[in-house]
Amino acid sequence: MRIIVAENYQEFSRWAAHFVAGLVRGKPNCVLGLPTGSTPVGMYSEIVRMHQQGLDLQDVQTYNLDEYVGLSPAHPESYHYFMRQHLFNHVNVNSEQIHIPNGMAQDLKLECEQYEERIQNAGGMDLMILGLGPNGHIGFNEPDSQLGTKTHVVYLTPETIQANARFFPNVGQVPRQAVTMGVGSIMQAKEILLLVSGEAKRDVLRKALLGEVTTAVPASILQLHPHLVVVTDFAV
Ligand code: F6R
């Protein structure tokens with residue numbers, strides 16, 4: 001495990017973007033797993049800036065980690081919308097190579113199976129970029145006695161619903177379910193980049209990196225990954 005401690009959010013975002021760009025330059029058709037949330041916003045804007053200066057993303061394939069159930073891609077809080085707003089509208093990733101779970105699918109079980117199959121057909125991710133939930137979740141793999149390994153539907157915990165309420169008019173409008181990659185899909189990536197910004201996450205990050213590996217802190221499973229890079233903007 002490598003831990004990079006950046007001075008501030010700007011440096012943190014730049015470091016992450018340069019890490020991603022390094023991979024893309026070395027392997028233009030790489031497969032990236034992507035997160036949403038507040039944490040990666042600066043990284044995405046730095047990738048957009050690098051694209052404007054010549055970084056070519058045309059052959060990259062992307063797989064987003066998760067999507068809310070019941071929000072259409074046009075909903076401003078859907079992860080489809082987030083990704084267009086922060087990245088895809090501004091770079092040249094081929095639209096056919098962008099994959100985000102469909103939270104509006106009639107048959108969610110089938111959607112999960114097909115999403116997982118697409119990941120497997122792509123050979124898994126070269127780089128999986130993750131944020132860290134305040135309760136230790138990765139993707140929407142919430143603390144539980146068991147963790148789903150493949151892409152599956154989850155019920156969000158009250159803590160996650162509360163944490164994500166900041167993006168919605170009120171807590172009642174936060175979807176209760178999501179489709180998420182499972183920990184198996186995540187751990188299969190050749191490399192993992194965990195982005196953690198803000199001292200409020202110090203305790204949960206310490207539990208994840210230094211505590212026991214337990215389903216009660218889903219991110220702790222990342223300790224078992226041979227190529228984990230953690231970037232923070234605070235001293236761990
Ligand atoms: C988002 C995701 C979540 C977030 C986590 C942190 O696609 O899968 O696990 O990464 O909830 O969110 P922020 O960055 O908003 O603190």
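The values are calculated or read from the model by the stated rules, or taken from the named source; none is laboratory data. Keep in mind it's a predicted model, so treat the numbers as computed, not measured. Note that each Cβ is placed from the backbone with ideal geometry, even for glycine, and that neighbours are counted across all protein chains shown.
Scanning region 44-53 for residues that are of a type in the set (S, T, N, Q), away from the ligand (no atom under 16 Å from the Cβ) and either crowded, with 19+ Cβ neighbours inside 10 Å or in a helix (DSSP H, G or I) (or both) yields a count of 1.
With respect to the conditions (1) modelled with pLDDT under 95; (2) away from the ligand (no atom under 16 Å from the Cβ); (3) under 29 Å from Leu23 (Cα atoms), Val93 falls short on a single one, namely (1). Within region 84-127, the set of residues being in contact with a strand residue (DSSP E or B) (Cβ under 7 Å, 6 or more places away or on another chain), charged (D, E, K, R) and within 23 Å of Pro175 (Cα to Cα) comprises just one member, Glu111. Considering region 50-71 alone, what residues qualify as being more than 13 Å from Leu108 (Cβ to Cβ) and small (Gly, Ala, Ser)? Listed by number, the list holds a single entry, Gly54.
Considering only helices (runs of 4 or more DSSP H) fully contained in region 70-174, which possess at least 2 residues that are more than 25 Å from Glu46 (Cβ to Cβ)?
Numbers: elements: 79-83, 108-121, 158-164.
Output list reads 108-121, 158-164.
Candidates are the residues of region 137-172 that are among the small types (Gly, Ala, Ser) and under 17 Å from the mean Cα position of the chain (by Cα); the one that is nearest to the ligand (Cβ to nearest atom) is Gly139.
Sort out which residues of region 116-136 are of a type in the set (A, V, I, L, M) and within 13 Å of the ligand (Cβ to nearest atom), and write them in order of number. Walk me through how you get there before you give the answer.
Step one: list which residues in region 116-136 are of a type in the set (A, V, I, L, M), which gives 119, 122, 125, 127-130, 132.
Scanning region 116-136 gives Met128, Ile129, Leu130, Leu132.
When Val196, Val183, Val179 are screened for being over 24 Å from Ala16 (Cβ atoms), buried (at least 16 other Cβ atoms within 10 Å of the Cβ) and in contact (Cβ under 8 Å) with a residue 24 or more places away in the chain, only Val179 passes.
Residues are listed down the side, and each one gets a yes or a no for (1) among the small types (Gly, Ala, Ser); (2) surrounded by 19 or more Cβ atoms within 10 Å (Cβ to Cβ):
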residue: Met1; (1), (2): no, no
residue: Val5; (1), (2): no, no
residue: His18; (1), (2): no, no
residue: Gly26; (1), (2): yes, no
residue: Cys30; (1), (2): no, yes
residue: Gly33; (1), (2): yes, yes
residue: Ser38; (1), (2): yes, no
residue: Gly42; (1), (2): yes, yes
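If you take the residues of region 54-69 that are out of contact with any Ser or Thr (no Cβ under 7 Å at 6 or more places or on another chain) and in a loop (DSSP other than H, G, I, E, B), which of them is surrounded by the fewest Cβ atoms within 10 Å (Cβ to Cβ)? Only one residue tops the list, namely Gly54. The single condition among (1) more than 16 Å from the ligand (Cβ to nearest atom); (2) free of Cβ contacts under 8 Å to residues at least 24 places away in the same chain that Val24 does not meet is (2).
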